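Data block below; observations after.
Just so you know, all these numbers are worked out from the coordinates, no wet-lab data involved. Note that the structure is predicted; figures quoted are calculated from it, not measured. Cβ placement follows ideal geometry from the backbone for every residue including glycine, while neighbour counts extend to all protein chains displayed.
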């Protein structure tokens with residue numbers, strides 16, 4: 001677990017900073033006001049971008065990614081699939097226990113005078129808001145990819161103290177964090193979720209990835225884990 005924390009420190013630290021920032025915002029800014037503050041910058045270009053970018057968290061991109069990992073190394077594909085499957089099941093379990101209203105439903109009840117800015121062509125949802133399943137998927141896959149690439153980078157001759165290893169991980173983890181955070185924000189921008197839902201989705205995705213690492217990393221040197229469906233010549 002120390003290796004996990006060390007090799008993925010940038011991604012985990014940035015995620016923790018965002019969780020704390022969202023937590024403080026939720027603590028001091030009323031729920032409705034915070035949502036309006038975060039989603040009230042709509043432009044036609046942003047509407048198109050977030051409308052399509054949010055779909056990156058849906059099933060096809062993840063199935064494709066897992067399949068590519070399986071062809072590269074069985075263990076990596078199984079690990080990524082476990083992160084996605086368990087995080088999705090956990091999110092759905094929590095959703096159906098809490099049954100929280102989505103922004104459209106909440107505003108219609110608590111602030112009916114407010115007309116939320118909506119992106120054209122987006123199918124809106126009304127219930128099962130907490131936590132955000134898309135955000136969970138974004139952070140679960142980003143965390144899994146951080147783990148996989150950090151392991152592979154170390155195996156290619158770098159040591160954990162070498163400059164190339166450190167620089168490559170910093171760039172990778174900052175990029176993956178930004179892509180995941182942007183995915184989480186897309187849910188707020190499109191008024192599909194509140195900030196609290198995104199925070200909850202982040203927490204679920206990161207926790208499940210950490211649990212999966214604790215389960216799977218012990219098999220990293222087992223023969224089946226390193227088997228390749230396509231062998232290199």
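Rounded to the nearest 0.05, what FRET efficiency is calculated for residue 31 and residue 85 with R0 set to 22 Å and r the Cβ-Cβ distance? List each step's numbers first, then the result.
Details: r = 31 Å, r/R0 = 1.40.
It comes out at approximately 0.10.
If you line up the long axis of helix 163-189 against the longest principal axis of the chain, both from Cα atoms, how many degrees apart are they, to the nearest 10?
30
Sorted from fewest to most neighbouring beta carbons within 10 Å, what does the list 124, 202 look like? Intermediate results must be reported in sequence, preceding the final value.
On the way: 124 14, 202 26.
Lowest count first: 124, 202.
Would you work out the relative contact order for region 2-226, in percent, from Cα pairs under 8 angstrom that are 6 or more residues apart? Spell out each step's value before the answer.
Values: 286 pairs, mean separation 78.5, N = 225.
That works out to 35 percent.
Full extension from residue 49 to residue 179: what is 0.36 nm times the residue separation minus their Cα-Cα distance, to one decimal in nm? Spell out each step's value before the answer.
On the way: separation 130, 0.36 × 130 = 46.80 nm, distance 1.30 nm.
Once the chain is fully extended between residue 49 and residue 179, it gains 45.5 nm.
In what sequence do 136, 85 fall when counting other Cβ within 10 Å, fewest first? Don't skip to the answer; put the middle values down first.
Values: 136 31, 85 15.
Fewest-to-most Cβ neighbours within 10 Å comes out as 85, 136.
Given a Förster distance of 22 Å, report the FRET efficiency between residue 97 and residue 19 from their Cβ-Cβ distance, rounded to the nearest 0.05. Working shown, then result.
Working: r = 21 Å, r/R0 = 0.97.
Working from the Cβ atoms, E equals 0.55.
In degrees from 0 to 90, rounded to the nearest 10, what is the angle of the helix 133-155 Cα long axis to the longest principal axis of the chain?
Orientation of helix 133-155: about 20 degrees from the principal axis.
Of 38, 176, 190, which has the largest mean-square fluctuation in a 10 Å C-alpha GNM of the chain?
Its mean-square fluctuation being the largest, the pick is 38.
Using only helices, what value at 222 nm comes out for the chain when you add -39,500 (n - 2.57) per DSSP H run of length 4 or more and divide by the total residues, to the nearest 500 deg cm²/dmol? Please list the in-between numbers first.
Numbers: 10 runs with 164 residues, N = 233.
That calculation yields -23500 deg cm²/dmol at 222 nm.
Angle check, please: helix 9-28 long axis (alpha carbons) against the longest principal axis of the chain (alpha carbons), in degrees 0 to 90, nearest 10.
20
How would 28, 71, 216, 194 line up from fewest to most surrounding beta-carbon atoms within 10 angstrom? Write down the numbers at each step before the final one.
Details: 28 8, 71 13, 216 19, 194 26.
Ascending Cβ contact count within 10 Å gives the list 28, 71, 216, 194.
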